[in-house]
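Undergrad: A single structure is presented below for examination.
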Amino acid sequence: MRRHTRRIYGICYRFTGNRTEAEDLAQEVYLRVYRTLGSYRSAHGGFATWVTSVTRNLLIDHYRRSKRDRVTDSLDDKMAVVENKESAGRRPDEQALLGELSLQVQNALTKLSPELREAVILRDLQQLEYAEIQTVLEVPEGTVKSRINRGRIELARILQQMGVRPA
Amino acid sequence: MTWTCDLIEARLSDYLDGLLEGAERSAFEAHASSCPDCAPLLASVRSLVREMHAMEEVEVPPRLVYAILDKTLGPRETVTGWQAFLQVVRGMATPKFAYGAASVFATLVILVSSLGFSFRNPKLADLRPTNIYHNADRQAHLVYARSVKYVSDLRVVYEIQSRLRQDENNLQTTPEEVLPKSGPEKAPGQTDDRSPSQPRQQNRANEVSRQLELLAAELPLMSGRDIR
Ligand SMILES: [Zn+2]
């Protein structure tokens, strides 16, 4: 369970960049896992992969939901304020924990499109194999590879714009 | 064939992941080392990937586990939730069956074993409260009311456990599993439940410790040791 929790929470945190949100989402993932346990088949590529798929689908749902909310509110500038508050509101211990550069990478990640973001998280932060990512994202290998590639390049550019240069 | 900047960009990760060979690799390097646009791009993506691979895994907040248990197995009636639940179970443990730090699970397992659930030949139906009721002896009646909720919680845990076990067995066969273990069944001086010469309790205790290992391995956060 700990192994799964670590992966689920890790993906949620990297995707949202927010600990509270990640905790809520991880709980929802578990709820969904427990409820849909009957639909699990080993053919899906193992329990861990299946749990990862559940996590990923929930994150995408969550992303769409919050995006729709934003549109309904149509308060784009208010969003910017919230985003600033979030990054400014990080606890100092969290900053120390992550390290300056990791923190910048984390911030840059949340600026990436969700499609590229999830691919990079699964590959470079969770270090999953291409085949597993393919199963989780339900896209062909070529697409997985190109998303990871574009995600990395995009991320490097965002970091450059932020004035960060990984040594 | 000379490579364009677009092609370099498209194959950047292939190059970094070591998937380019021979002529492709040299063509890539020839362009990337001399192009004023591609050289810095390659350098920054390379160090970014290195940085990401070195990034620490995110630490799971301990409270998250309790929150998950509350959400999935249902909240405890008490305010403090699962922490209090574990306290109660600990309180129910008798010294006779206390297995050190793992007494929490020992108690649960013994409780369920005593209610007629066979770990040797487990059936989900055995964990259904009514079945337990029918299988129960006089003593079990006394704990019935208190145990039903724990048992149905355990039923969910059991279901998950079987999935995990199945998954693990499919993925890997560890050396210990291959070697014939001096497990409960084979240990000298012990027989199965049918033998009248052996105390039933001995077998049960072995089953319990075997099951405990399994539970402790998969649910270390609940075993008491990790409760902070
Ligand atoms: Zn170029």
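The values are calculated or read from the model by the stated rules, or taken from the named source; none is laboratory data. Note that the structure is a prediction, hence the values are computed from the model and not measured. Cβ atoms come from the backbone with ideal geometry, glycine included; neighbour counts cover every protein chain shown.
Undergrad: Just to verify a result, which residue in the stretch A:126-157, among those that are among the polar types (S, T, N, Q) and part of a helix (DSSP H, G or I), is nearest to residue A:40 (Cα to Cα)?
TA: Of everything passing the filter in the stretch A:126-157, A:135 is nearest to residue A:40 (Cα to Cα).
Undergrad: Let me ask something else about it. Against the definition (surrounded by 18 or more Cβ atoms within 10 Å (Cβ to Cβ) and more than 10 Å from the ligand (Cβ to nearest atom)), how does residue B:44 come out, yes or no?
TA: yes
Undergrad: Further question on the same structure: What residue, among those in the stretch B:6-33 that are more than 12 Å from chain A (Cβ to nearest Cβ) and within 8 Å of the ligand (Cβ to nearest atom), is surrounded by the fewest Cβ atoms within 10 Å (Cβ to Cβ)?
TA: B:31
Undergrad: Looking at A:49, A:55, A:20, A:5 in this structure, which one is polar (S, T, N, Q) and modelled with pLDDT of 95 or more?
TA: A:55
Undergrad: Looking at the stretch A:131-154 only, could you name the residues that are under 17 Å from residue B:52 (Cα atoms) and modelled with pLDDT under 95?
TA: Residues satisfying the conditions do not exist here.
Undergrad: Where residues in the stretch B:47-67 are in a helix (DSSP H, G or I) and more than 20 Å from residue A:152 (Cβ to Cβ), which of them is farthest from the ligand (Cβ to nearest atom)? Break it down into steps so the answer makes sense when it comes.
TA: So the first thing to find is which residues in the stretch B:47-67 are in a helix (DSSP H, G or I), and the list is B:47-54, B:62-67.
If we keep only those that are more than 20 Å from residue A:152 (Cβ to Cβ) as well, we get B:62-67.
Details: B:62: 49, B:63: 50, B:64: 46, B:65: 50, B:66: 53, B:67: 50 Å.
Per the stated criteria, the residue is B:66.
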